[in-house]
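> Got a structure for you, questions after.
The values are calculated or read from the model by the stated rules, or taken from the named source; none is laboratory data. Predicted model, so just to flag it, every value in this text is computed and none were measured. For neighbour counting, all protein chains shown are included, and Cβ atoms are generated from backbone atoms with ideal geometry for every residue, glycine included. What goes into the accessible areas is simple: the full protein's heavy atoms, side chains included, and nothing from ligands, DNA or RNA. Shrake-Rupley method; radii C 1.70, N 1.55, O 1.52, S 1.80 Å.
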Amino acid sequence: MVKSYVDKGTAGAFHAVCALRRFRFLEDLQLSGLDNAGFKELLSALTSSSVSKLALPRGTFAMHAFELSPPVSASGVPALICLKQLDLIGCSAYSDDLLEWFASAAPHLEELRVSCNPGLARPMLTLPSLRVASLYICASLTDEAVQQLCKGSTLLEDINLWRCASLREPAISGRNLTKVNVSECFELCDEAFQYIGCLSDGGSSVRSILTAGCPRLSFPPIVGHESLIELDLSSTELRDEAVTAACIAAQLLERLDISHCRSLVAPVIGCPTLRTLIATGCDGLSDEAVSAACSRSPSLMTLRLSLCTSLCQPTIRAPNLVEAHLCGCSELQDAAVTQLCASSNHLTTLGLKMCASLVAPTALSDVLEKLDLSYCEKLRAPRIGGRSLYNLKLAGCSQPVSYTHLTLPTKRIV
């Protein structure tokens, strides 16, 4: 009843062939580091097996389709008819035609994972059962290949094209598409999202879009998707208008990442369902933008504003806030910290490291557990404490600090 076999190297391929013949219920086969000989030997045995999960990571095989048996037998039966999951992560030598061979040999494939293949450029894949497609760090992958994959995979739900640096305007579409990752596709333009997740009634099926590190985006059509739950716009050049439009449209948004968007000043962000807001490194963000975001987001639980050096006295009122990070906010004033702690009855973690303007903030709370005031150079007389506080950091506070108002369960500074 053996169902899984794991091995590595060409010698492992020959052992795997023996396993395929002996264990007729074998479903999961993982072989890493195969060369041409081991790869060819393995495929000849797979054609008569019931393997549904095949992983060949870090293989060095570089065979062409014409060197293999036909993907479909004379009777019309595909060679890998049972295969549902194929993992070729780290296999960098094979070309387009081998991937096309797999697509023809495994028509019931549901998950395809490919990475780190600089030679993969224009594979024309039609996989009607495919639900998850990961083709990341494929620097030569073309728009046409992505368009054909979307067109030939009508059940596609999740597509990952992270760091496919040649993509510019791929027509990413699919009526079942729920998650799209195009982070660090450095040449990607707004037009790539023209048809993403569009339904016949004008709505959208997409729940998650990740576009981190796409510097050419200016006002992508993704900002109009009302179905979005997760949106990552970090490290882009998007301006206030684009981010504002995204938040106004996505009233179901739960996680928004706009970190290192240095062009942002006063976007209208936040919505009733937002739980996580990440704006790290937005060094032009105004107090008013942060204050409005918190008031518009009553469900907010995690707030990350570290290195927002323009913040001075934002009004952070979020009744459900659990975690807040404002490290490196060099202009942040005592009053902002005091007000934050006073209005957040569930706050357990507060990071204020390198907040160089703090002198005497008040951080008193019975639920606060972790407080970091390291390298707050002007800190002199903070009011700190609470019965739950167990992790307090004051390293690098160069001024003599008064602990008159320090209240800890064990009366000890950590």
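> Share of the chain's accessible area from carbon and sulfur, percent, 1.4 Å?
52 percent
> Keeping all protein chains in place, calculate the accessible area per residue for the chain (probe 1.4 angstrom), answer in Å².
Value returned for the chain: 43 Å² of accessible area per residue.
> Under unit Cβ charges (Lys, Arg +1; Asp, Glu -1), what dipole magnitude, rounded to 20 debye, does the chain have relative to its Cα centre?
Computed charge dipole of the chain: roughly 1420 debye.
> Can you run phi through the Karplus equation (6.51, -1.76, 1.60; θ = phi - 60°) for segment 359-364 and list ³J(HN,Hα) in whole Hz, with x for Gly and Pro?
Each residue of segment 359-364 in turn: 10, 9, x, 10, 10, 10 Hz.
> Right, something else. How would THR142, THR126 line up by accessible area, probe 1.4 Å, largest first?
THR126, THR142
> Count charges around LEU177 for me, please; just the other residues with Cβ under 11 Å from its Cβ, Lys/Arg as +1, Asp/Glu as -1.
+2
> Distance check, please: which entries in LYS8/LYS84; LYS179/LYS370; LYS179/LYS393 exceed 31 angstrom between their Cα atoms?
Those over the limit are LYS179/LYS370; LYS179/LYS393.
> Another question, then. Across the Cα atoms of segment 118-212, what radius of gyration and what greatest pairwise Cα-Cα distance (Dmax) are found, in Å?
Considering segment 118-212 through its Cα atoms, Rg and Dmax are 12.0, 39 Å.
> Can I get the semi-axes of segment 36-162's equivalent ellipsoid? Compute them from the C-alpha gyration tensor as square roots of 5 times the eigenvalues, in angstrom, largest first.
21, 17, 13
> Hey, another quick one. Are there any chymotrypsin sites (Phe, Trp or Tyr not before Pro) in segment 123-213 that are in a DSSP loop and have at most 15 other Cβ atoms within 10 Å? List them by number.
PHE186, TYR195
> Right, here's the next one. Under 12 Å from the Cα of LYS353, which aspartates and glutamates turn up, not counting those fewer than eight places away in the same chain?
Cα-Cα hits under 12 Å: ASP372, GLU377.
> If you take semi-axes √(5λ) of the Cα gyration tensor in Å from the coordinates, which of (i) 33, 25, 18; (ii) 51, 26, 18; (iii) 36, 24, 20 do you get?
(ii)
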